[in-house]
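Chemist: What follows is a structure written as structure tokens; I'll ask about it next.
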Amino acid sequence: MNTIAIHLCLVLSFLSLQIVSVKPKLLWFDATANFARLNSPDSIRHYLDKAARAGFTDVVVDVKPITGEVLYPSHHAPQMREWQGVIRPDSFDFLRTFIDESHARSLRVHASLNVFAAGHNFFDRGLVYSAHSEWQSILWTDSGLIPMTKMKKKYSAMTNPAHPEVRRHELAVLKELVTKYPTLDGVILDRVRYDGIEADFSDLSRREFEKYISARLKNFPRDIFAWRHDEAGKPARVEGKYFKRWIEWRASVIKSFFVEARRVVKKANPRISFGDYTGSWYPIYYEMGVNWASVSYDPSKQYQWATPTYKNTGYAELLDLYTSGNYYFEVTKEELISNNTNVATEAGTGGGKEYWYSVEGSCEIVNEVLAGAAPAYGGLYVQQYEGHPEQFAKAVEMCLRKSDGLMIFDLVHIVNFNWWEVVEKAIRAEAKGLEPGK
């Protein structure tokens, strides 16, 4: 090999290492929030150009919103062709356009699906309204047992993850998606969870739990927890005999779905990335019935709600990609301590001062809990920084410094705030090793 050829090989090798070392940066495209905006191939090309120019490496396209409908032709789910008066023509293959145009710009494409959601309670729309009311979750509230569709303060009508028909349906949708679009780079599952601590208290869940513990419940649902009210009438939960086992069982239900989902996806398309999104607030995320930790992490050593065997429900090892909602205004742990603010997250878990109620702290707890089992991309909810572009830029830098990549939710907020330059400067600063704004 001559000198020029050797030199060229070294240059190409160096460039390859440089490309590999770039941390992934994902921009999320919500289905309904952007339905009108992304209503033509030209519009998709326009926003993909902006995403690529800003430094994003990946896009996440929501193809199954909370109604249970999908944004492509399907044999298993109704196709969403209309949303709030905007109609998409039958000739427009939304996802195919996204894939082709993204790849033309060297952007990877992940399809996102809201798994255990099948209705929008604000519009009385979705599968639990039109075809499968039996799939909806039953909530044990301080007012009694209430079907999910009657909880009009909750916009997402969640299904019961333990329902066998629900699981079969969601697996069929997943298989169809990755088979129909083989050039997809990945899927990212969202809402693979229960609605919250109040779900699901259907007869089906009671029977499945009784099988799990090999015992009959005599006072369901109070065997799990009961409600009491203080003098002011404020409700509070009182844990029952089987509360911790119930927490463990629900997490086992979610893990078993991840096992099945990964098998289905990889069998249909072995090269595709299998990913997941959850909130980052692990110390209270058990309320969602989810343990996104590594099986090597034992929460029972730190948290009273976890049994010694709860760690077996961890599913991080099943993932090729994990992105978390680091949804806090305070970026550093120091800010959290010094600022007298009302901390809030997407999940409404406001009011705390624990270190993980910051972008920095939540990145740290994600790293601790995952224990390296999957690459973790810190996620930001742009709307939380409205009017504070400099704080948003700091949050971007923190996610890129403290995690394996970045996820921005959502395109709609970048557009509404006209923050393309803000996000581009923050991303480019990371590539140059600078502080945002330098």
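The values are calculated or read from the model by the stated rules, or taken from the named source; none is laboratory data. In this text the structure is predicted, and so the values were computed from the model without any measurement. Cβ placement follows ideal geometry from the backbone for every residue including glycine, while neighbour counts extend to all protein chains displayed.
Chemist: Can you pull out every residue in segment 135-155 that is polar (S, T, N, Q) and closer than 18 Å to His120 by Cβ? Talk me through it step by step, then tell me what you get.
Modeler: Quick first cut of segment 135-155, residues polar (S, T, N, Q) only: 136-137, 141, 143, 149.
Gln136, Ser137, Thr149, listed by residue number.
Chemist: Oh, and also: For segment 145-202, give me each residue that is crowded, with 22+ Cβ neighbours inside 10 Å, closer than 18 Å to Ile66 by Cβ and among the hydrophobic types (A, V, I, L, M, F, W, C).
Modeler: Within segment 145-202, Met148, Ala157, Met158, Val166, Leu174, Leu177, Val187, Ile188, Leu189, Val192, Ala199 meet the criteria.
Chemist: Additional query: Test each condition in (1) surrounded by fewer than 22 Cβ atoms within 10 Å (Cβ to Cβ); (2) out of contact with any Asp or Glu (no Cβ under 9 Å at 6 or more places or on another chain); (3) not in a helix (DSSP H, G or I) for Leu38 and report the one that comes out false.
Modeler: The number of the failed condition is (1).
Residues checked against (1) modelled with pLDDT of 95 or more; (2) under 30 Å from Val59 (Cβ atoms):
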site: Arg167; (1), (2): yes, yes
site: Val178; (1), (2): yes, yes
site: Leu184; (1), (2): yes, yes
site: Phe225; (1), (2): yes, no
site: Pro235; (1), (2): no, no
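Chemist: For segment 277-309, how many residues are in contact with a Pro (Cβ under 6 Å, 6 or more places away or on another chain) and in contact (Cβ under 8 Å) with a residue 24 or more places away in the chain?
Modeler: The number of residues fulfilling the criteria is 1.
Chemist: On to the next question. For segment 238-248, give me each residue that is surrounded by fewer than 20 Cβ atoms within 10 Å (Cβ to Cβ) and hydrophobic (A, V, I, L, M, F, W, C).
Modeler: Val238, Phe243
Chemist: Right, something else. If you go through segment 150-166 one residue at a time, how many are out of contact with any Ser or Thr (no Cβ under 9 Å at 6 or more places or on another chain) and within 20 Å of Asp276 (Cβ to Cβ)?
Modeler: So the count comes out to 1.
Chemist: Condition (residue is over 30 Å from Asp185 (Cβ atoms) and acidic (Asp, Glu)) applied to segment 126-136: is it met by at least one residue?
Modeler: yes
Chemist: Let me ask something else. Kindly indicate the residue of segment 72-97 that is part of a strand (DSSP E or B) and of a type in the set (Val, Ile, Thr) and also surrounded by the most Cβ atoms within 10 Å (Cβ to Cβ) among those meeting that condition. Before the answer, list the steps.
Modeler: Step one: filter segment 72-97 for residues part of a strand (DSSP E or B), giving 79, 82-83, 86-87.
Okay, now just the ones that are also of a type in the set (Val, Ile, Thr), so 86-87.
Values: Val86: 12, Ile87: 10.
Of everything passing the filter in segment 72-97, Val86 is surrounded by the most Cβ atoms within 10 Å (Cβ to Cβ).
Chemist: For segment 362-379, state whether one or more residues are modelled with pLDDT of 95 or more, under 26 Å from Gly314 (Cα atoms), among the aromatic types (Phe, Trp, Tyr) and surrounded by 22 or more Cβ atoms within 10 Å (Cβ to Cβ). I'd like the intermediate steps shown before the answer.
Modeler: Going residue by residue through segment 362-379, those that are modelled with pLDDT of 95 or more are 362-379.
If we keep only those that are under 26 Å from Gly314 (Cα atoms) too, we end up with 362-379.
Retained after the next criterion (residues that are among the aromatic types (Phe, Trp, Tyr)): 377.
If we keep only those that are surrounded by 22 or more Cβ atoms within 10 Å (Cβ to Cβ) as well, we get 377.
Yes, that holds for at least one residue.
Chemist: What strands (runs of 3 or more DSSP E), lying completely within segment 98-204, carry at least 2 residues that are touching a residue at least 24 places away in the same chain (Cβ under 8 Å) and of a type in the set (S, T, N, Q)?
Modeler: 108-114
Chemist: Taking the options Lys266, Lys255, name whichever one is of a type in the set (D, E, K, R), under 29 Å from Leu27 (Cα atoms), within 17 Å of the chain's Cα centre (by Cα) and at pLDDT 95 or above.
Modeler: Working: Lys266 fails: within 17 Å of the chain's Cα centre (by Cα).
So the residue among Lys266, Lys255 that is of a type in the set (D, E, K, R), under 29 Å from Leu27 (Cα atoms), within 17 Å of the chain's Cα centre (by Cα) and at pLDDT 95 or above is Lys255.
Chemist: Could you list, in sequence order, all residues of segment 259-276 that are in contact with a Phe, Trp or Tyr (Cβ under 8 Å, 6 or more places away or on another chain) and either crowded, with 21+ Cβ neighbours inside 10 Å or part of a loop (DSSP other than H, G, I, E, B) (or both)?
Modeler: Filtering segment 259-276 for residues in contact with a Phe, Trp or Tyr (Cβ under 8 Å, 6 or more places away or on another chain) gives 259, 261-262, 265-266, 275-276.
Those that are in contact with a Phe, Trp or Tyr (Cβ under 8 Å, 6 or more places away or on another chain) and either crowded, with 21+ Cβ neighbours inside 10 Å or part of a loop (DSSP other than H, G, I, E, B) (or both): Ala261, Val265, Gly275, Asp276.
Chemist: What about Val264, is it in contact with a Pro (Cβ under 9 Å, 6 or more places away or on another chain) and over 30 Å from Cys399 (Cα atoms)? Spell out how you get there, then give the answer.
Modeler: Values: in contact with a Pro (Cβ under 9 Å, 6 or more places away or on another chain): no; over 30 Å from Cys399 (Cα atoms): yes.
Spelling it out, it is not the case that Val264 is in contact with a Pro (Cβ under 9 Å, 6 or more places away or on another chain) and over 30 Å from Cys399 (Cα atoms).
Chemist: What number of residues within segment 122-138 are within 18 Å of Phe201 (Cβ to Cβ) and within 22 Å of the chain's Cα centre (by Cα)?
Modeler: Keep residues of segment 122-138 that are within 18 Å of Phe201 (Cβ to Cβ), which gives 128, 133-138.
Imposing the further condition that a residue be within 22 Å of the chain's Cα centre (by Cα) reduces the set to 128, 135-137.
Residues in segment 122-138 being within 18 Å of Phe201 (Cβ to Cβ) and within 22 Å of the chain's Cα centre (by Cα): 4 in total.
Chemist: Considering only residues of segment 309-358 that are of a type in the set (Val, Ile, Thr) and over 17 Å from the mean Cα position of the chain (by Cα), which is modelled with the lowest pLDDT?
Modeler: Let us first name the residues in segment 309-358 that are of a type in the set (Val, Ile, Thr), namely 309, 313, 323, 331-332, 337, 341, 343, 345, 349.
Next cut, over 17 Å from the mean Cα position of the chain (by Cα) only: 309, 313, 331-332, 337, 341, 343.
Values: Thr309: 98, Thr313: 98, Val331: 97, Thr332: 97, Ile337: 88, Thr341: 54, Val343: 43.
Of everything passing the filter in segment 309-358, Val343 is modelled with the lowest pLDDT.
Chemist: Has segment 79-95 got any residue that is acidic (Asp, Glu), at pLDDT below 95 and at negative phi?
Modeler: Applying the first criterion (acidic (Asp, Glu)) to segment 79-95 yields 82, 90, 93.
With the extra rule that they be at pLDDT below 95, the set shrinks to 90.
If we keep only those that are at negative phi too, we end up with 90.
The answer is yes; a qualifying residue exists.
Chemist: Let me ask another. Go through segment 139-168 residue by residue and tally those that are within 20 Å of the chain's Cα centre (by Cα) and among the hydrophobic types (A, V, I, L, M, F, W, C). Spell out the reasoning first.
Modeler: Quick first cut of segment 139-168, residues within 20 Å of the chain's Cα centre (by Cα) only: 154-162, 166-167.
Now drop any that are not among the hydrophobic types (A, V, I, L, M, F, W, C), which leaves 157-158, 162, 166.
Of the residues in that region, 4 qualify.
Chemist: Next question, about the same structure. If I ask for residues that are under 23 Å from Asp58 (Cβ atoms) and surrounded by fewer than 20 Cβ atoms within 10 Å (Cβ to Cβ), which ones from segment 285-317 would you list?
Modeler: Within segment 285-317, the subset under 23 Å from Asp58 (Cβ atoms) is 292, 315-317.
Within segment 285-317, just Glu317 meets the criteria.
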